[in-house]
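The numbers here are math on the coordinates, done by the rules we state, and not lab data. Model, not experiment: these values are computed from the prediction. Here the Cβ is made from the backbone with ideal geometry for all residues, glycine too, and neighbour counts use every protein chain on show.
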Amino acid sequence: MSSPVEALVDHYLLEFGSAEWAHAFHRLVELGPVALPFLRSRFDEARDPALRAEIVIVAQQWHSADALALFAQALEDGRPPVWKAALDGLVDLATPQACAVLERALSAPRPQGRAADDFEAWLREALAQVREALRDPEAEP
């Protein structure tokens, strides 16, 4: 038996790709971080990179450190829409923990090639933004 929040998450995610997605997206955001465990589960199940990226973007809207694990997981996804959404979430958080996630990702081995070069460039930029925000808390990341 699913919880009411889980049922709502599933209901709203069914709207992905439809004309009703904007409304569903905002409803997911309104649920708040209480929906995070269910979104993480749906992220794990989803194969569509666009849906995976949207799940990360929903979590980003909460500006909650509770989403850190989802951002770290999404950062490992090889598809640019997903890891770019994760980078945005980590930069938005701009916490020491987000900085640590970015530093670990930068030192982690990854395949060589153009995609890896792009990822590393984006990763370095995100890390620089987080470090700057940590130095100057008044600055916007």
Rounded to the nearest 500, the 222 nm mean residue ellipticity computed for the chain from DSSP H runs (n ≥ 4, each -39500 (n - 2.57)) alone is -22000 deg cm²/dmol
To the nearest 10 degrees, how steeply does helix 114-135 sit against the main Cα axis of the chain, on a 0 to 90 scale?
90 degrees
Counting other beta carbons within 10 Å of each Cβ, put Val34, Val5 in order, fewest first.
Val34, Val5
Diffusion coefficient, µm² s⁻¹, Stokes-Einstein with Kirkwood Rh over alpha-carbon pairs of region 12-71 at 25 °C and 0.890 mPa s
215 µm²/s
What FRET efficiency would be calculated for the residue pair Thr95, Val29, taking the C-beta separation as r and a Förster radius of 25 Å, to the nearest 0.05?
0.80
Using a ≥ b ≥ c from the Cα gyration tensor of region 4-135 (square roots of the eigenvalues), is it rounded, prolate or oblate, where a/c under 1.5 gives rounded and otherwise the larger of a/b and b/c decides, a/b for prolate?
prolate
Roughly how tilted is helix 49-60, in degrees to the nearest 10 and between 0 and 90, from the longest Cα axis of the chain?
80 degrees
